[in-house]
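Inspection log for the structure reproduced underneath, given as structure tokens.
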Amino acid sequence: MIIGCPTEIKPQEFRVGMTPNAAQEAVSHGHEVYIQTGAGAGAGFEDADYIAAGAKTVGTAEEVFAKADMIVKVKEPQAVERKMLREGQVLFTYLHLAPDPDQTHDLIASGATCIAYETVTDNRGGLPLLAPMSEVAGRLAPQVGAWTLQKANGGRGVLMGGVPGVGPARVIVIGGGVVGTHAAKIAAGMGADVTVLDRSLTRLRYLDDVFGGTFKTSFASAGNTIELAQAADMIIGAVLIPGAAAPKLISRAQLADLKPGAALVDVAIDQGGCFETSKATTHEDPIYDVDGIMHYCVANMPGAVARTSTIALGNATMPFMLALADKGWRQACLNDPHLMNGLNVHAGQLTYDAVGEALGIDV
Ligand code: NAD
């Protein structure tokens, strides 16, 4: 199979769909790989790295799309890219179709077979191609929160680990799933006093079993949440209710009860945010002040660490990419129901129920 990987063109996207290691694996399986010149630059990969891996470089996205049987990307294809897709071509990338009718109609019209990273499943009920980005965002959250807490950034001027004779920062993490667990581990590793809140007792039991000595757990009743928030220097929002907007866990009125200069890091901002005062920000201008409380609400946190994110995503997508290339999409999906769950559009037809329901399109 011929696999193509174009340069990402969505603003502020520095990741790339294939690492040189992924290209090398595909080549070793007998496939041809075409990378657009400079596609890996934002993630620190040179064209020479891909050539050494056995891939070929071409100058334009048009050439990549024209040559490839399968396109491997990171972000959903932009309008100009959608025009380059053709019948029978396979597209393997994040799509997030439910809120995006224009893209959905274009992909249906293209006749391509579109497999979305975010709906591929695993046998533990997880989303293996979303999890790496949650891991990255979770581990980044205390790092950006620590920066937000610095005085010059409007924060309380509290050091995460304290120093001998001065206590550490108090951090609460609301939501103890993938993001929350990774956030808590890193915050505790920085020396902070960390408590994770969740509404799932099963999850709290697991966290207590595994991390009991590293951080504390608490049930996320409204009362507990606000009581712990009032004592916190940093509050990390990491909740998810699948398929729904994030619940608002701290209201604007309640900001007055928080410590002045506390840092709110709302990782759940891509689901609307879990604090009433959250609004999406960018890496260029990540924080803002509401009533003396500093908010960090960047919706694509993994973009800040494009190299780590690219490699983490590539590690997760590689086995699926190889299965699609080795067996062809149809056989690969028939052999693996979890990969089949990734199929969103095929041959002019929407094939994913939840997207059909969201957009009122027949599946
Ligand atoms: P997850 O499903 O692994 O974990 C979510 C947890 O939230 C679950 O344990 C659930 O029990 C808990 N929860 C739900 N409602 C709650 C409530 N009211 N109070 C306390 N806990 C509650 O999800 P995840 O992968 O950890 O993702 C968390 C959020 O981070 C999602 O909104 C996701 O979209 C977002 N995210 C954002 C970025 C970014 O760049 N901003 C990157 C990755 C993920």
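The values are calculated or read from the model by the stated rules, or taken from the named source; none is laboratory data. For clarity, every value in this text was computed on a predicted model and none was experimentally measured. In this analysis, Cβ positions are derived from the backbone assuming ideal geometry, glycine residues included, and neighbour counts consider all displayed protein chains. The protein model used for the area step is the full one, side chains on, heavy atoms only, and it has no ligands, DNA or RNA in it. Shrake-Rupley method; radii C 1.70, N 1.55, O 1.52, S 1.80 Å.
Percent of C-alpha pairs per 20 Å bin in the chain, short distances first: 29, 51, 20, 0. Hey, if you put +1 on the Cβ of every Lys and Arg and -1 on every Asp and Glu Cβ in the chain, which of T281, G4, V72 ends up farthest toward the positive end of that dipole? Of the candidates, T281 comes out farthest on the positive side. Accessible surface of V267, taken over heavy atoms with a 1.4 Å probe and every protein chain present, rounds to 20 Å².
A Förster radius of 22 Å combined with the Cβ-Cβ distance from T202 to A354 puts the calculated FRET efficiency at roughly 0.35. Using 1/(1 + (r/R0)^6) with R0 = 25 angstrom and r between the beta carbons of S221 and D122, what's the FRET efficiency to the nearest 0.05? Result of the calculation: an efficiency of 0.20. Ignoring lysines fewer than eight residues from K83 along the same chain, the ones with Cα atoms less than 27 angstrom from its Cα are K10, K56, K67, K73, K75, K327. DSSP beta bridges confined to the chain are antiparallel in about 20 percent of cases. The charge dipole of the chain, taken about its Cα centre with unit charges on the Cβ atoms of Lys, Arg (+1), Asp and Glu (-1) only, comes to about 760 debye.
Give me the number: length gained by fully extending K10 to R86, i.e. 0.36 nm times residue separation minus the C-alpha to C-alpha distance, one decimal in nm.
Separation in residues times 0.36 nm, less the Cα-Cα distance, equals 25.3 nm.
For a modelled paramagnetic label at S28, 7 Å from Cα along Cα-to-Cβ, the residues of region 302-344 in reach, with backbone nitrogen under 14 Å, are 318-319, 322.
With the simple model of a label 7 Å out from the Cα in the direction of the Cβ, E276 to D257 spans 1.2 nm.
Stretching Q150 away from K248 to a fully extended chain increases their span by 32.7 nm, per 0.36 nm per residue minus the current alpha-carbon distance.
What FRET efficiency comes out for V290 versus R330 if R0 is 41 angstrom and r is the Cβ-Cβ distance? Round to the nearest 0.05.
0.20
Of all the accessible heavy-atom surface of region 131-299, with the other protein chains kept in place and a 1.4 Å probe, what percent is carbon and sulfur? Before the final figure, lay out the partial values.
Numbers: 3980 of 7370 Å².
Carbon and sulfur together cover 54 percent of it.
Please compute, over every Cα-Cα pair in region 131-299, the percentage with a separation greater than 19 angstrom. Pairs farther apart than 19 Å: 49 percent.
Within the listed set G212, G328, G125, the Gaussian network model of the chain (springs between alpha-carbon atoms below 10 Å) gives the highest mean-square fluctuation for G125.
Counting only protein heavy atoms and using a 1.4 Å probe, the accessible area of M340 comes to about 70 Å². Using the alpha-carbon centroid of each, what span in Å lies between region 158-175 and region 338-358? Here the answer is 45 Å between Cα centres.
If you sort the three axes of the alpha carbon gyration tensor as a ≥ b ≥ c, you get a/c of 1.5 or more for region 66-186 and a/b above b/c, which makes it prolate. Proximity of backbone amide H atoms, modeled 1.01 Å from N, is registered between V33 and I3, K56 at under 5 Å, excluding neighbours fewer than 5 places apart on the same chain.
Summing +1 for each Lys or Arg and -1 for each Asp or Glu, what net charge is found among the other residues whose Cβ lies under 11 Å from the Cβ of E76? Display every interim value, and only then the final one.
On the way: positive: K10, K73, K75, R82; negative: E8, E13, E81, D100, D102, D106, E118.
Value of the local net charge: -3.
Here's the list of lysines a cross-link from K259 could span, going by alpha-carbon distance under 30 Å and ignoring same-chain residues fewer than 8 apart: K151, K185, K216, K248, K279.
Using a probe of 1.4 angstrom and keeping all protein chains present, the accessible surface of the chain works out to 42 square angstrom per residue.
Which residues make up the longest stretch of the chain clear of trypsin sites (Lys or Arg not before Pro) that lie in a DSSP loop with no more than 16 other Cβ atoms within 10 Å, not counting the sites?
280-363
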